[in-house]
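Before any comments, here is the structure.
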Amino acid sequence: MAITDYATYKADAVAPYNSLSWSKDSLATIAGRLSSLWLTAPFAGAAPTTAAVPTSATTGAWRQLNSSGVQRIASIEASCAQGGYLIIADRLSHQGGLSGTVITAQTTNLGTAALTRYTSGIGVMAGLEIYSAVGTTGTTVTASYTNTTPTSGRTSIATTFGGTGFREAGRMILLPLQQGDDGVTAVASVTVLASTVTAGNFGVTLFKPLLAIPIPFNPGQQFVYDAVLNMSTLMPQVVNNACLFTLFVANTSASGVFQGVVNFIEE
Amino acid sequence: MAALTNLSDILNRSTGGNSGTPETIFFYKDSRVDAAAAVATIAGRLTSLWQYEGYPAGGAAPGAVAVPVNTTDGALKQTDPGGGREKWLLGITGSASVAGTLILYDRLLHISGLNATTITAQTVGGTLTRYTGTESVGNQIWVEVYTQIGATSTTITASYTDQDGNTGQTTTATAFGNTGLREAQRIIPLPLASGDSGVRAVASVTVLATTGTAGDFGVSIVRPLAVIPLGVPGVGSIRDFIAGLPSIPEVLTDACLAFAWLPNSTTAPQVMGSLHFVEA
């Protein structure tokens, strides 16, 4: 099935299959750094421990309805107190309990739970999500992961971990892939090169970005993104049980209070 | 662009109808190269993100002359169109940790391993497979630095074949070496000779005088496709090519899509974004 013409889209858009209102308090951020709003109230999730596959029923997820057909995000109406870049993603697998002071390969609560959505791993990103701040000493981190082939034992490229901008609760630090790779199906271990000095709590999150929208640099301004009007007809499919959550690249030290409505249409 | 007939057709293909095969690629370019922090940028000087790590994985210095394709590391790795169809870029979104401008281009040919102390002509060669012949109008020649060259200023030229097939054309001498024009990842576009508007091939490049350090530089022939301004750190931008210009750029089969960055500061960027394609 597809949306065959504009008239069909218009009919679907004015009577969406599902509309979800959601809001988020402001999260302390670092300008230009990616943050996860998973733990941000209201509708906050919890820091995971053992490896699990979150779904639309998991606390913190958007809890959109499942569909008997194909469900898509068609439009977003929202406002935010700060400019930035909002990413809506399907949270595929997560775990926690890793330490910022352990400098051997950490396997606590790892490997990650097997993907049940986007199982090929193509386009799936792996990030280190910080649940409690790790230390102020900057170091680097790598992970041993399985790519889309699937070949295990792949090693992500060392990237910055710990220190300002790479330590605070809510920060999402993406793990750059080894050459030849274009996605992740599992993470087996994480290795912090040197202690950040504070253990904190962080974990591995595998997610699939679905839609990204710019948040205008006009605090509080209402904005509307519509697939046809200004999103180049991008209408990402939302598969059943998807654990939708948001990530945010901030412009300043706070993400800003966010409120909005997301409209889903069904083919 | 006769294949995309109207908005309803685009909508249909964007949602999988009529063999539209919609594809969305999310990318991330980390400000790191070979597991180390990327070299500082220079405001107003082009920086190559070819070797920046991320999603998909970063690329490598190419070595011998080669035609990179969509499966080459460093490319965005979009799928090729099937069934005799063409692929079209409908939109881009992006956000960067620092202000700048992101340039999407098709990397048509590249070579590295050239020496910034050699003052005789250094061979480039190779044969384009995309934007060839008269379609070469719009192709550009970029010098790309892979390992820092010397601190002595000089100039560089290239001998090339223009869009009409005239061989032995010479680019206008442009500054090469020294601060801003020597650091790894720096891109130095070579101005075409008067009257020229494209490039079919580059035979050689010549450094006028030694920069003092060999380093490692190369030549790329590229085809810019789209530009997205990311003027405020963190704040996203969007280019909707259905509603704006340029109007729905075509992405050729095997296109090696890659990014260049025009920075506003000395901080190497982290860049995230998405590209949305359909086939027709």
* Asked: Of all residues in segment B:123-167 being loosely packed, with under 14 Cβ neighbours inside 10 Å and of a type outside the set (S, T, Y), which is nearest to B:V251 (Cα to Cα)?
  -> B:G133
* Structure fact -> In segment B:5-32, anything under 21 Å from A:Q71 (Cα atoms), crowded, with 19+ Cβ neighbours inside 10 Å and of a type in the set (A, V, I, L, M, F, W, C) is listed as B:I10, B:L11, B:I25, B:F26
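Listed here are the residues, each with its yes/no results for (1) in contact with a Lys or Arg (Cβ under 7 Å, 6 or more places away or on another chain); (2) outside any loop (DSSP other than H, G, I, E, B).
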residue: A:A199; (1), (2): no, no
residue: A:V224; (1), (2): no, yes
residue: A:T233; (1), (2): no, no
residue: A:V239; (1), (2): yes, no
residue: A:F248; (1), (2): no, yes
* Look through B:L90, B:L46 and report the one residue that is in contact with a strand residue (DSSP E or B) (Cβ under 6 Å, 6 or more places away or on another chain) and within 11 Å of another protein chain (Cβ to nearest Cβ). => B:L90
* Residue check for A:G260: under 25 Å from B:P56 (Cβ atoms), in a strand (DSSP E or B) and away from chain B (no Cβ under 14 Å) -> no
* Would you point out the residue of segment A:203-239, among those that are at the interface with chain B (Cβ under 7 Å from one of its Cβ atoms) and under 22 Å from A:A31 (Cα atoms), that is modelled with the lowest pLDDT? => A:F217
* Structure fact -> Scanning segment A:1-50 for residues that are of a type in the set (A, V, I, L, M), more than 14 Å from every other protein chain (Cβ to nearest Cβ) and under 19 Å from A:L65 (Cβ atoms) gives A:V14, A:A15, A:L20
* To do: Would you check if there is a residue in segment A:170-190 being outside any strand (DSSP E or B), of a type in the set (A, V, I, L, M, F, W, C) and more than 14 Å from every other protein chain (Cβ to nearest Cβ)?
  => no
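Okay, residues lined up against (1) within 14 Å of chain A (Cβ to nearest Cβ); (2) surrounded by fewer than 16 Cβ atoms within 10 Å (Cβ to Cβ); (3) farther than 17 Å from B:Y146 by Cα:
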{"position": "B:G180", "(1), (2), (3)": "no, yes, no"}
{"position": "B:L192", "(1), (2), (3)": "no, no, yes"}
{"position": "B:V207", "(1), (2), (3)": "no, no, no"}
{"position": "B:T211", "(1), (2), (3)": "no, no, no"}
{"position": "B:F217", "(1), (2), (3)": "no, no, no"}
{"position": "B:I221", "(1), (2), (3)": "no, no, no"}
{"position": "B:P229", "(1), (2), (3)": "yes, yes, yes"}
{"position": "B:V235", "(1), (2), (3)": "yes, no, yes"}
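The rows are residues; the columns are (1) in a strand (DSSP E or B); (2) out of contact with any Leu (no Cβ under 7 Å at 6 or more places or on another chain); (3) touching a residue at least 40 places away in the same chain (Cβ under 8 Å); (4) not β-branched (V, I, T).
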residue: B:S112; (1), (2), (3), (4): yes, yes, yes, yes
residue: B:G126; (1), (2), (3), (4): no, no, yes, yes
residue: B:T134; (1), (2), (3), (4): no, yes, no, no
residue: B:E144; (1), (2), (3), (4): yes, yes, yes, yes
* Asked: When segment A:68-79 is examined, which residues are found to be surrounded by fewer than 20 Cβ atoms within 10 Å (Cβ to Cβ), within 12 Å of chain B (Cβ to nearest Cβ) and either in contact with a helix residue (DSSP H, G or I) (Cβ under 7 Å, 6 or more places away or on another chain) or small (G, A, S) (or both)?
  -> A:G69
* Structure fact -> When segment B:71-100 is checked residue by residue, the ones that are over 26 Å from B:L245 (Cβ atoms) and in a strand (DSSP E or B) are B:D73
* To do: Take segment B:33-43 and flag every residue that is facing another protein chain (nearest Cβ under 10 Å) and either buried (at least 24 other Cβ atoms within 10 Å of the Cβ) or touching a residue at least 24 places away in the same chain (Cβ under 8 Å) (or both).
  => B:V33, B:A37
* Structure fact -> Those residues of segment B:242-270 which are of a type outside the set (S, T, Y), part of a loop (DSSP other than H, G, I, E, B) and closer than 23 Å to B:G231 by Cβ amount to B:I242, B:A243, B:G244, B:L245, B:P246, B:P249, B:N264, B:A268, B:P269, B:Q270
* Verdict on A:S195 being surrounded by fewer than 19 Cβ atoms within 10 Å (Cβ to Cβ), in contact with a Ser or Thr (Cβ under 7 Å, 6 or more places away or on another chain), away from chain B (no Cβ under 13 Å) and in a loop (DSSP other than H, G, I, E, B) -> yes
* Can you give me the ranges of the strands (runs of 3 or more DSSP E) entirely in segment A:80-166 with at least 1 residues that are more than 14 Å from chain B (Cβ to nearest Cβ) and surrounded by 24 or more Cβ atoms within 10 Å (Cβ to Cβ)? => A:84-94, A:125-132
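Quick grid of which residues meet (1) modelled with pLDDT under 95; (2) more than 22 Å from B:P56 (Cα to Cα); (3) crowded, with 22+ Cβ neighbours inside 10 Å:
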| residue | (1), (2), (3) |
| --- | --- |
| B:P246 | yes, yes, no |
| B:E250 | no, no, no |
| B:C256 | no, no, yes |
| B:W261 | no, no, yes |
| B:P269 | no, no, yes |
| B:H276 | no, no, yes |
* Structure fact -> In segment B:82-122, residues that are surrounded by fewer than 23 Cβ atoms within 10 Å (Cβ to Cβ) and either in contact with a His (Cβ under 6 Å, 6 or more places away or on another chain) or over 30 Å from A:V228 (Cα atoms) (or both) total 9
* Residue within segment B:52-59 that is in contact (Cβ under 8 Å) with a residue 12 or more places away in the chain and either more than 10 Å from every other protein chain (Cβ to nearest Cβ) or surrounded by fewer than 22 Cβ atoms within 10 Å (Cβ to Cβ) (or both) present -> no
* Structure fact -> Note on segment A:77-109: residues within 30 Å of B:T15 (Cα to Cα) and more than 17 Å from the chain's Cα centre (by Cα) are A:E77, A:A78, A:S79, A:C80, A:G83
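The values are calculated or read from the model by the stated rules, or taken from the named source; none is laboratory data. All figures in this text were calculated on a predicted structure; none of them were measured in a lab. All Cβ positions, even for glycine, are placed from backbone atoms using ideal geometry, and neighbour counts span all protein chains on display.
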